[in-house]
Structures are given as structure tokens and as C-alpha cells.
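Quick note: the coordinates plus some simple rules give every number you see, no bench work behind them. Owing to the predicted nature of the structure, the values given are computational and were not obtained by experimental measurement.
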Amino acid sequence: MAPHPGAERDSLGGPARRHVMAKASPLATGSASPSTCLLLVRHGETEWNRLGRYQGSVDVPLNADGHRQAVALAAQLQGEPIDAVYSSTLRRAYDTALPIAASHGLQVVRDPRLNEINQGEWEGLRPAEIVLHWAELHEQWEREPLAVRLPGGETLEEVRVRVLAALADVVLAWTGHTVCIVAHKVSLSTIKSYACDIPFAEALRVMPPNASIDRVTLPAGDPVAAVQDVSGGPRPA
């Protein structure tokens, strides 16, 4: 993923992120740092990634390269003091998270609020196929994505609300610790937009490669912990 101009790079090779604040958790220990480190991992490759198809909420599995990427990620993150591993409920994210969690003796916490945006009728299609049937809407999606509801799917604001609610729960449970979150373009862009204090639309313009890692740090006291989950959706498994 291309960093912003002049951005520093962290120890994992990803762009350094701006620090924001996060509310201290009653579960944090006195010996832990007050800041929470988030390792944001995009899932490994699927065949639909390779073919350029919109995946969204479809439960597309990792392909052979994706499974190899998951093993490589676990090795790359072996030296990180990871205390918890979260993923979406989609198996491309969960199967990427499993080796990471196993290498730290952890279980993966699956949270449906981290799932990719539901792209409705566009799921399974390539961009050229979408343009054939929804040329005007696709052009608006490219220009003003926050103003669009995908046909039969979600809006970006609906995704933002559920993802920030999930993030609030993570921060409350793990303030002062290191947490790995394995998810998708839109859900990870939501977290990076919040953590880096950049517009959501700007964060969405950068597509992180499959099996990429970004690090963000949330020092204690951030209002993310006050985000309410108004979606009424299911909670972590």
C-alpha cells in the first residue's frame, strides 16, 4: 500500500500512523502501557481477488496463495506481543487469522461487525460487468462513495457505525495491549480513518494489498470507546 507522501514506515514495513487517544479499559493491567497497539491485517488472496470480482459479503475462501500468505503472516508477526486476535466471520479473514493466533497460543474472536461491506447485486461481478448494468451508479460510487447505497447492499456509513462499535469493544477490553485485527478493505479503512484522523473517503482510496499489515496506536482517553452499536447486529462469537 502506498504511504502518504513523507510518511515514515514502521518496523513491519507499513506506513507509520498518527497517534490518537483511546479510553482506558478497566481490564487493562497496571503493568501494561496505556496505549493500545492495533495490527491491521488484510486477509490473504482469494480467487475472486485474482479475477478482480467484487466479494463483499460472499464467503469466498482463500486460494493456495492466500493460505501461504497466512502462514507467512504468522511468521512475520511471531515477534509481536499479540494479546488478542480478532477477525470478521468471513472465512477468508478467519483462515488468515488462524495461524497468527495459533503462533501466540490464542483463539480467534470472530466479530460480524468487522465483515466487509455488503455489495448486494454487485457481488461476484467484475467492474466492467457492473458498468454494463449500473454505469451511472458505478460512476457515482467511484466519485462519491459515501453518497451511494449499493443495490441490495449497505452504505458506507452503515459499515462505519458497526466497525467503530466493534473497535470500541476491542479498546475497552484490551487497552494497553497489542491486538491483531484481520479483516477487509472497507472495515480496515474505517479503523485507519478514525485512528489517523483522515477523511473516510481518503482512506478508502488506498487499497491495501492482500496479506498487508498496518500498525496504529491508540493512547488512552479516546472517544472511540463511547461509540454505540446502533446496528442491532450480532456480537462477537
Per 5 Å bin, what is the whole-percent P(r) computed from every C-alpha pair distance within the stretch 36-226? 1, 8, 17, 21, 20, 16, 10, 5, 2, 0
Expressed in angstrom and rounded, the centroid-to-centroid distance over alpha carbons for the stretch 78-99 and the stretch 123-197 is 19 Å
Amide proton proximity set for N118, modelled H, under 5 Å, gap of 5+: E154
